[in-house]
Amino acid sequence: MSQSLQADPPLLSVEQVEVFYEQSILALRGVSLQVGKGQMVALLGANGAGKSTTLKAISNLVRAERGEVTKGRILYQGQEITDADPASLVLAGLAQVLEGRHCFTHLSVEQNLLVGGFVGRPSRKVLNQRLERIYGYFPRLRLLRKRLAGYTSGGEQQMVAIGRALMSEPRLLLLDEPSMGLAPQVVEEIFEILARLNREEGLSLLVAEQNINIALDYAQYAFVLENGRVVDAGSAAELAGREQMQNYYLGAVG
Ligand SMILES: Nc1ncnc2c1ncn2[C@@H]1O[C@H](COP(=O)(O)OP(=O)(O)O)[C@@H](O)[C@H]1O
Ligand SMILES: [Mg+2]
């Protein structure tokens, strides 16, 4: 019943999180945000606003960069994960696509995808089923599966990076600026696929973007970060109607 659905805790809840790098650089100053089950949520903000740090705090990758969550907590499926190790989070269904579409350039497209599937040591049969599913969503990758990832285009590498994260069968996918450096048409193609995964499989998404227009076109809800703080939040339609949004994008709002 819808009543019990509303009583469910959000899939992800970031509560008043503060992050320091190297014990001296304050990158997040009490960030709170939520992602509901089956939601596609955008995290908007200019360069340096704290988008990547927020995603890395969630997946607990800030430590690898000498960062630390010094205040607040992060809940996933109602459980605190603030100090959980990144591999256990992947096993629990929380995967991240890092900024800059990291691929193993000397491996084939298919080998890149397989790397993402090994968590939990599934059988070869299960891996093949997962590959098929990825190729269903990204038909281009099927055509390119034998090609070295280093010889594919930027858009194709972004698809490989997303496909690799999907190979762990996440429930919540964090994406860090998937549109960065890509032509508008390719960006649209990628967001169409993300939206399909959201719609057809109920995959929940938290997408960090500087490209406000594309993010608000596809997400249902958005949070706006500035200087490590959430300065605005609302439905995508609501935020798209605000004149200030372009100023956030340019980093012009002081
Ligand atoms: N590894 C790091 N070491 C020190 N400071 C960092 C590091 N990564 C990010 N920062 C700082 O934290 C702030 C937020 O950065 P970031 O999360 O990368 O923002 P965004 O992804 O929105 O561009 C910036 O001031 C940035 O300089
Ligand atoms: Mg970033």
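For the chain, how many pairs of lysine residues have a Cα-Cα distance under 22 Å, where the two are 8 or more positions apart or belong to different chains?
Qualifying lysine pairs in the chain: 5.
Which of the peptides 226-233, 142-149, 200-207 is most tightly packed, and how do the rest follow, going by the mean number of other Cβ atoms within 10 Å of each residue? Let's see the in-between values first.
On the way: 226-233: 17.9, 142-149: 15.8, 200-207: 19.6.
Output ranking for 226-233, 142-149, 200-207: 200-207, 226-233, 142-149.
Report, by chain and number, residues whose modeled amide H sits under 5 Å from the one on residue 225, excluding near sequence neighbours (fewer than 5 apart, same chain).
44, 45, 231
Quick check: with the 1.4 Å probe, what order do 51, 125 take by accessible area, largest first?
Working: 51 10, 125 145 Å².
Sorted by accessible area, descending: 125, 51.
Across all directions of projection, what mean area in square nanometres is found for the Cα convex hull of the chain?
14.0 nm²
Enter the per residue convex hull volume of the range 5-137, computed from alpha-carbon coordinates, in Å³ rounded to the nearest integer. Write out the running numbers ahead of the final one.
Values: hull volume 19.5 nm³, N = 133.
Per-residue hull volume (Cα only) is 147 Å³.
So, in Å, what gap is there between the alpha-carbon centers of the range 37-82 and the range 94-150?
The two parts, judged by their Cα centres, are 25 Å apart.
Go through 104, 223 and list them by solvent-accessible area, largest first, probe radius 1.4 Å.
So the residues, ranked largest to smallest area, are 104, 223.
Suppose a student asked you for the relative contact order of the chain, using Cα pairs under 8 Å spaced at least 6 residues apart; what percent would you report?
After rounding, I find 27 percent.
Averaged over every viewing direction, what's the projected area of the C-alpha convex hull for the range 196-235? Give it in nm², one decimal, please.
One quarter of the hull surface, i.e. the mean projection, equals 3.1 nm².
What are the residues whose amide H is under 5 Å from the amide H of residue 67, where those residues sit 5 or more places off or on another chain and H is modelled from the backbone?
22
Counting each DSSP H run of 4 or more residues in the chain as -39500 (n - 2.57), what helix-only mean residue ellipticity at 222 nm follows after dividing by all residues, to the nearest 500 deg cm²/dmol? Don't jump to the answer; show the numbers that get you there.
On the way: 11 runs with 96 residues, N = 254.
Result for the chain: -10500 deg cm²/dmol, rounded to the nearest 500.
Which value, to two decimals, describes the C-alpha radius of gyration of the range 126-254 once divided by 2.2 N^0.38 Å?
Dividing the Cα radius of gyration by 2.2 N^0.38 Å gives 1.15.
Select from 98, 148, 208 the residue farthest towards the positive end of the dipole of the chain; place +1 on Cβ of Lys and Arg, -1 on Cβ of Asp and Glu, and compute about the Cα centre.
Most positive-ward Cα: 148.
Restricting to the chain, what percent of DSSP beta bridges are antiparallel, rounded to 5? Walk me through the numbers before you get to the answer.
Working: 25 of 43 bridges.
Of those bridges, close to 60 percent are antiparallel.
Along the range 22-36, what does the Karplus equation 6.51 cos²θ - 1.76 cosθ + 1.60 (θ = phi - 60°) give for ³J(HN,Hα), rounded to whole Hz, x for Gly and Pro?
These are the phi-based 3J(HN,Hα) values: 6, 6, 9, 9, 7, 9, 10, 10, x, 8, 10, 7, 9, 10, x Hz.
Amide H of residue 32 versus every other amide H placed in the peptide plane: which residues, excluding those fewer than 5 positions away on the same chain, fall under 5 Å?
Amide H neighbours of residue 32: 16, 17, 230.
Report residue 221's accessible area, 1.4 Å probe, all protein chains in place, as a number in Å² to the nearest 10.
It works out to around 80 Å².
The values are calculated or read from the model by the stated rules, or taken from the named source; none is laboratory data. Values in this document were obtained by computation on a predicted structure and should not be read as measured data. Every residue, glycine among them, receives a Cβ derived from its backbone with ideal geometry; neighbour counts consider all protein chains shown. Just the protein is used for accessible areas: all its heavy atoms, side chains included, with ligands, DNA and RNA removed. Shrake-Rupley method; radii C 1.70, N 1.55, O 1.52, S 1.80 Å.
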